[in-house]
Amino acid sequence: MKPSGCVATFAILGISALGQTPPAAFGLFESHGDVGAVLHEGSAVHDAAKSIYTLTGSGENMWSTADEFQFVWKKVSGDVSLAADISFPDSGGDPHKKAVLIIRQSLDPDSAYADVALHGNGLTSLQARDEKGAATHEIQSNTSGPKRIRLQKIGQYFYMSVSGAGDDLRFAGGSMRVKLEEPFFVGIGMCAHNKDVVETAVFSKVELVTGAQPGPVRQPAFYSTLETITVASTDRRVVRVFPGRIEAPNWTPDGASLLFNGNGRLQKIAVGGGDVQLIDTDFATRLTNDHGISPDGTLLAISDQSQEQRRSLIYTVPIEGGPPTRITKESPSYWHGWSPDGKTLVFVGDRNGNVDIYTIPVDGGDETRLTTAEGIDDGPEFSPDGAYVYFNSDRTGTMQIWRMRPDGSRQEQVTSDEYNNWFPHISPDGRRMAFLTYGKDVIGHPENKDVMLRIMTLNDLRVTVLANVFGGQGTITVSSWSPDSKRLAFVSYQFIP
């Protein structure tokens, strides 16, 4: 039994210098041992003839702020790719026992890390703790029980790939950002998810590649991952991975589906994933990422740039699709929100170089200008009770969240920090505000940046981070709350070699 509260001593069974072939007893790795104060000592056996690693491990969990597991490791630097076939000889045990491919800063239980974890029940997740002692977050794959998994570190981002029996590995969606100092530890691990027992996992066809890949340099492929995140737990779930760019999910009123734009068209998919349905918008085939569903669920508001010098105009379309009805006379105009009674649209208009916020009746007519401050006012959205319009403005030097009455009066600042905050979205229950945060040096709301999804509880103005993602333009441009206020939908982006 290991001493309580300490990290177990690692048995060094033949460490070699980096770049040299490790001893056959450990194949690709240097050593092994238990991380954390496990009650039952684990073990690792390498069958060199069959290229199989058999790990037994105890441990209460690999989660929260500390881990307990058996770890087979090697110290490396730079970019890393680690892949393996994984199986559990015993189908019983805790359904959340974990066999992992893992990269971590140190052997401390609370070390920063990222891993791909195959659970006993088939759940496969990309997990990460972005700094020592912090909480663990995860992205759940929409593939259960894969035969083979891969963990990739490219710069500060970590990616998960999965495959079934006989299939090629494919990117499973999402990414985690963790900054590690070099060198760090890479390897395989086993956690029983029960401190009182020991469980076993078998790792075969293990491939570990570090540094630059051999062969010609190719442009990385670009992917979009449509995801949901549960606010209470920060758990993320992949809906679907798309080659190329999609943007701006909306949740349907029944909570069953998501709308998003891609290739200039509006599309629909079930929250659980599956096939994509194209929504007919007739001539409007150059849609921007500014669209949303009316409060009664009968209409869509869209922003399209297919007409009149390719400058965006606002239209409404029946929820099932059909010919658009033009709402705005002037362009460019970008829709952002419905009033709770469904009678008024709030939008951003660029008029003679002035970017301001306007309202207009849903049946068309005269537009009403609400903001006149110097600079950019953008991202307007009604609060669920109709008492306020929330928006973002750079009138104080950085982009911050503001709010005002629906007639433009009583404009007041809501956030005040060192970042640039965009696109406020109020939860249907009126309790929280989600928004997108860029670094202080980022101008505008560009794509392909390191950003944060943050959330403010409106009763005390407390701000927390939901997720660090690679995204920006298109991530949460329009309201993406679930009807029950428990989840958000968003899009993250990835460049994968």
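Coordinate-derived values only; no laboratory data. Remember, predicted model here, so these are calculated numbers, not experimental data. When we count neighbours, we look across all protein chains shown, and the Cβ atoms used for this are built from the backbone with ideal geometry, even at glycine.
Things worth noting here:
- The modelled label-to-label distance between Arg395 and Ser87, using points 7 Å beyond Cα along the C-beta direction, is 6.7 nm.
- Cα gyration tensor shape of segment 83-169, rounded if a/c is under 1.5, else prolate or oblate by comparing a/b with b/c: oblate
- The chain - percent relative contact order, Cα under 8 Å, separation 6 or more: 11
- Remark on Ile52: its backbone amide H falls under 5 Å from those of Asp47, a criterion applied only to residues 5 or more positions apart or on other chains, H modelled at 1.01 Å from N.
- Where the alpha-carbon atoms of segment 221-496 are placed on the principal axes, they occupy 43, 43, 33 Å, in descending order.
- Theoretical FRET efficiency, 1/(1+(r/R0)^6), r = Cβ-Cβ of Arg286 and Glu41, R0 51 Å, to 0.05: 0.20
- Separation in nanometres of the label points that stand 7 Å from Cα toward Cβ, at Asp363 and Ser409: 2.6
- Reciprocal of mean inverse Cα separation for segment 24-210 (Kirkwood radius, Å): 15.8
- Taken over the chain, the percentage of Cα pairs per 20 Å bin, counting from 0 up to the bin with the maximum distance, is 23, 48, 25, 5.
- Couplings 3J(HN,Hα) for segment 68-79, derived from phi with the Karplus relation 6.51 cos²θ - 1.76 cosθ + 1.60 (θ = phi - 60°), are 9, 5, 8, 10, 10, 9, 8, 8, 9, 9, x, 6 Hz, where x marks Gly and Pro.
- Note on Thr464 and Glu418: the extension gain reaches 15.1 nm, defined as 0.36 nm multiplied by sequence separation minus the Cα-Cα distance.
- Within the same chain, aspartates and glutamates fewer than 8 places from Lys268 are excluded, and of the rest, those with a Cα less than 13 Å from its Cα are Glu247, Asp280, Glu320.
- Here Ser77 and Ala256 are evaluated by their C-beta separation; at R0 = 45 Å the FRET efficiency comes out at 0.45.
- Distance from segment 401-477 to segment 221-255 (C-alpha centre basis), Å: 18
- Applying the criteria of a DSSP loop state and at most 11 other Cβ atoms within 10 Å to the trypsin sites (Lys or Arg not before Pro) of segment 187-271 yields Arg218.
- Under a 5 Å amide H cut-off, with hydrogens placed 1.01 Å from N, Asp235 pairs with Thr230 among residues at least 5 apart or on other chains.
- Sequence-distant lysines (8 or more away, or on other chains) whose Cα lies within less than 23 Å of Lys179: Lys74, Lys75, Lys132, Lys153, Lys440, Lys449
- Exposed chymotrypsin sites (Phe, Trp or Tyr not before Pro) absent - longest run of the chain, DSSP non-H/G/I/E/B, at most 16 other C-beta within 10 Å: 11-282
- Excluding same-chain neighbours fewer than eight residues apart, the lysines reachable from Lys329 by a Cα-Cα span under 27 Å are Lys343.
- Virtual spin-label span in nm between Ala221 and Asp196, 7 Å along Cα→Cβ: 4.7
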